[in-house]
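Only one structure is covered here, and it is reproduced in the block below.
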Amino acid sequence: MLGRVISVANSKGGVGKTTTTVSLAEAFAAEGYKTLVVDLDSQANASLLIFGEDGDERLYDAIHAYTNVSDYLRENFLGECFAHMSKFIVPNASDVTYLDQTLDLSLVPATPGLRRAERELIYTLTEQGYSMTAIEGRVGLRLRQDMADLRKQYDIVICDCPPGISAMTEATLSASDLIIVPTIPDFMSTLGLDLFTGDIIDSLKKRGLSNVPIVLATKYDDSNHQKDVLAAMRDGARDPDIEYDMFETVIPNRPEFAANPIELGPRPSFNQKWPGEAMNTINMLYQEVQTRLAAQTKTEVA
Ligand SMILES: Nc1ncnc2c1ncn2[C@@H]1O[C@H](COP(=O)(O)OP(=O)(O)OP(=O)(O)O)[C@@H](O)[C@H]1O
Ligand SMILES: [Mg+2]
């Protein structure tokens, strides 16, 4: 088992977090890695994109079977019981095929009720006298314990974080080996990028972790403005005072990345879901992620 945890996060919305999560998870699963996606966003976009054509029905089933991340939070932090995250997994969640085999991709789905569950968690624990830092600490500790077990069952766990920053996101980042920060290289999208990555680093440092978030340029349209901003981002990554690194891979702004499960129909192939240039780019990103994970393993062994 590789046993690695990746988080995809950015406080900005609509920058390609979910597209990155799902395409990367499918790339790992297509290569034969046992893969789990944890959807932490109440919009449930990653869940629907993974479930495919029957997404609505399958999400409804996950709500009724209590196999979703909202019930994970409720059971562990609002009830009296201890329920391991593995209890909330939907196995064989993907309907995507590769070489005629269905991808081995499992999912802890999010539901629209997650917003409420998170709010209740904050109110309840605040009433019990917990500070915000203590709440993040408590949720983080639980998540890290659960992730430690999931690492033994899965090669790769990828967490799709919501926009904004929540106790659950903070906790997830603290349990991750690799943090990917999709960012559109334009003026508005890069405002506050170094603050976001700096905050992540500070919070990881408090837990004795030295991970540096890796920025992924997304929705790149090759305009002069984006070219300039991308060059400035690359300069920033080389500056020792700015705390992020960058992938070489750049995700172009192309309709091939905007997969629509309804239009794709049942059991699309991996290549149908991400056609043409999208597939080449996803493979480049996959290779870079593998290289970074391998480098971490070497450092751990040394
Ligand atoms: N490279 C791309 N080219 C064109 N469209 C894209 C690309 N990446 C994502 N999209 C589309 O942009 C929209 C936002 O993408 P996505 O949902 O992945 O972003 P997000 O950061 O997860 O958003 P949110 O913050 O709401 O969770 C979606 O409609 C998606 O299909
Ligand atoms: Mg998203």
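The values are calculated or read from the model by the stated rules, or taken from the named source; none is laboratory data. Small disclaimer: the values here were computed from a predicted structure and weren't measured. Heads up, the Cβs are rebuilt from the backbone with ideal geometry, glycines too, and the neighbour counts pull from every protein chain shown.
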Next on the checklist: Out of F77, F51, F28, F82, I need the residue that is over 20 Å from Y286 (Cβ atoms), under 19 Å from the mean Cα position of the chain (by Cα) and aromatic (F, W, Y). Which one?
Outcome noted: F51
Checklist entry - With respect to the numbered conditions (1) touching a strand residue (DSSP E or B) at 6+ places or on another chain (Cβ under 9 Å); (2) not in a strand (DSSP E or B), which one is the sole condition not fulfilled by L59? => result (1)
Item to check | Condition broken by D100, with the remaining ones in (1) in contact with a Gly (Cβ under 9 Å, 6 or more places away or on another chain); (2) on the phi > 0 side of the Ramachandran plot satisfied | outcome: (1)
Checklist entry - When you look at G129, is it over 17 Å from the mean Cα position of the chain (by Cα), surrounded by fewer than 22 Cβ atoms within 10 Å (Cβ to Cβ) and at positive phi, yes or no? => result yes
Checklist outcome for this item: Residues in the range 150-202 that are in a helix (DSSP H, G or I) and not small (G, A, S) total 21
Checklist entry - From the list L36, L2, which residue is outside any helix (DSSP H, G or I), away from ligand 1 (no atom under 16 Å from the Cβ) and crowded, with 21+ Cβ neighbours inside 10 Å? => result L36
Next on the checklist: Take the residues in the range 234-272 that are within 16 Å of ligand 2 (Cβ to nearest atom) and not small (G, A, S); name whichever of them is surrounded by the most Cβ atoms within 10 Å (Cβ to Cβ).
Outcome noted: I251
Checklist entry - Where residues in the range 150-168 are away from ligand 2 (no atom under 12 Å from the Cβ) and at pLDDT below 95, which of them is surrounded by the fewest Cβ atoms within 10 Å (Cβ to Cβ)? => result I165
Checklist entry - Among the candidates A175, A217, A167, which residue alone is under 13 Å from the mean Cα position of the chain (by Cα) and of a type in the set (G, A, S)? => result A175
Next on the checklist: Here is a check on your reading of the model: is D95 charged (D, E, K, R), outside any loop (DSSP other than H, G, I, E, B) and touching a residue at least 24 places away in the same chain (Cβ under 8 Å)?
Outcome noted: no
Next on the checklist: Could you tell me how many of the residues in the range 98-115 are among the charged types (D, E, K, R) and in contact (Cβ under 8 Å) with a residue 40 or more places away in the chain?
Outcome noted: 2
Next on the checklist: I need the full set of residues from the range 9-30 which are touching a strand residue (DSSP E or B) at 6+ places or on another chain (Cβ under 6 Å) and within 8 Å of ligand 1 (Cβ to nearest atom), in order please.
Outcome noted: N10, V15, G16, K17, T18, T20, T21
Item to check | Candidate set: the range 172-206, residues that are buried (at least 23 other Cβ atoms within 10 Å of the Cβ) and small (G, A, S); chosen: the one farthest from E136 (Cα to Cα) | outcome: S176
Item to check | Filtered residues of the range 257-277 (kept if within 16 Å of ligand 1 (Cβ to nearest atom), part of a helix (DSSP H, G or I) and within 15 Å of Y98 (Cβ to Cβ)) | outcome: L264, Q272, K273
Item to check | In the range 1-42, the residues that are more than 23 Å from A278 (Cβ to Cβ) and within 16 Å of ligand 2 (Cβ to nearest atom) | outcome: S11, V38, L40, S42
Checklist entry - On the given criteria, is Y60 more than 16 Å from ligand 1 (Cβ to nearest atom), at pLDDT 95 or above, surrounded by 15 or more Cβ atoms within 10 Å (Cβ to Cβ) and hydroxyl-bearing (S, T, Y)? => result no
